[in-house]
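> First the structure, which I've put down as structure tokens, then a few questions once you've had a look.
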Amino acid sequence: MNRFEGMVAIVTGAASGIGQATADRLAQEGAVVIGTDLTASATIRELNVAEEADWIRTIDQVRAEHGRVDVLVNNAGRGGSQWYHELDVEEWDRVINVNQRGTYLGMKHVLSGMVDAGRGAIVNVASIFATHAVAGNSAYHASKAAVVGMTRNAAVSYADRGVRVNAVAPGWIDTPLTALQPSELNQSYIDATPMRRGGVPGEVASAIAFLAAPEAAFVTGTVLHVDGGYRAT
Ligand code: NAD
């Protein structure tokens, strides 16, 4: 399939996990992909999603080079497993700044160009923890609930201007992020998943690609769960 032929896509957090799989998938399907992350490499441009100046620089560069941004995937994120009573303010700010502020800044800086062009698709990466509570993970839950709220609000705000805004809500996915967690915690999530397995990054990338693609032209403001049935429990 070449669903993204002639299209330009920006993916944040593209050096690892779900972001890397998404960048690969969009490129395989014909997009010019600008993969971004905290550290530049041969295939990645430096973009700290929490820094507005980084967004301004990157969007200016991409528009100068390619003249358009058709797709933004706000994927960059960080975890956090602490309970409220032990979470210090600095860690709260770190999680909120990446997951929530980063998503806001990404949307802010692509939307004016998308509105001018009368087309665009944004896919935000939320989590099952936006809606399903597990103990701990306080700032992460808060930030991902905000991602869902921003997605729905932006979808309604820009629906009549040709811009669609959707989210995916992954369940437990085998990535470097979850590899950092204690194995008992990871196993508890898998045990709570009706399919009794974790997902792989390509399974989330498939859902992101669907939401970003022209075939999803009438889909906006939705949250597509990729969770092995976790949501249904
Ligand atoms: P990952 O750690 O493999 O990849 C995340 C990437 O984001 C890394 O390359 C990291 O450098 C980058 N990043 C972190 N802070 C950044 C910043 N300030 N600016 C730019 N890039 C930054 O993690 P992953 O599991 O692939 O997670 C990707 C997204 O999926 C995150 O938003 C995460 O919350 C979400 N998610 C993951 C799971 C899971 O089980 N893995 C489940 C639900 C949601």
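> With a sphere of radius 12 Å drawn around the Cβ of GLN82, what net charge do the other residues whose Cβ falls strictly inside it have (Lys, Arg +1; Asp, Glu -1)?
So the environment of GLN82 carries a net charge of -3.
> With a 1.4 Å probe and all protein chains left in place, how much accessible area per residue does the stretch 1-146 have, in Å²?
44
> Would you work out which of ILE18, ALA64, ILE44 lies farthest towards the positive end of the dipole of the stretch 7-110? Charges go on Cβ: Lys and Arg +1, Asp and Glu -1.
The listed residue farthest towards the positive side: ALA64.
> How far is helix 17-28 tilted off the main Cα axis of the chain, in degrees rounded to 10, range 0 to 90?
30
> Related question: What does the charge dipole of the stretch 1-78 about its Cα centre add up to, to the nearest 20 debye, if the Cβ of each Lys and Arg holds +1 and the Cβ of each Asp and Glu holds -1? The partial results should precede the final answer.
Details: 7 positive and 11 negative charges, 28 e Å.
That gives the stretch 1-78 a dipole magnitude of about 140 debye.
> Can I ask one more? Regarding the stretch 10-49, what is the average projected area of its C-alpha convex hull, in nm²?
Result: a mean projected hull area of 2.4 nm².
> Using 0.36 nm per residue, how much length does the chain from ASP88 to ALA135 gain when fully extended, once their Cα-Cα distance is taken away?
My answer for the length gained is 15.2 nm.
> On the protein heavy atoms, probe 1.4 angstrom, tell me the percent of accessible surface of the stretch 100-233 carried by carbon and sulfur.
Roughly 56 percent, rounded to a whole number.
> Can I ask one more? Please state the charge dipole magnitude for the chain, taken about the Cα centre, from unit charges on C-beta atoms (+1 on K and R, -1 on D and E), reported in debye and rounded to the nearest 20.
It works out to roughly 580 debye.
> For the ranges 46-54, 194-202, 25-33, 99-107, what's the packing order if you count other beta-carbon atoms within 10 Å of each residue, average per peptide, and put the highest first?
In decreasing order of mean packing, 46-54, 194-202, 25-33, 99-107 become 99-107, 25-33, 46-54, 194-202.
> List the relative contact order of the chain as a percent without decimals, with contacts defined as Cα pairs under 8 Å and 6+ residues apart.
On the way: 468 pairs, mean separation 47.6, N = 233.
Across the chain, relative contact order equals 20 percent.
> Kindly provide log₁₀ I(q)/I(0) values, in the same order as q = 0.11, 0.14, 0.15, 0.19 Å⁻¹, from the Debye equation applied to equal alpha-carbon scatterers of the stretch 113-233.
-0.40, -0.62, -0.69, -1.01
The values are calculated or read from the model by the stated rules, or taken from the named source; none is laboratory data. All of these numbers come straight from a predicted model, not from anything done at the bench. When we count neighbours, we look across all protein chains shown, and the Cβ atoms used for this are built from the backbone with ideal geometry, even at glycine. Just the protein is used for accessible areas: all its heavy atoms, side chains included, with ligands, DNA and RNA removed. Shrake-Rupley method; radii C 1.70, N 1.55, O 1.52, S 1.80 Å.
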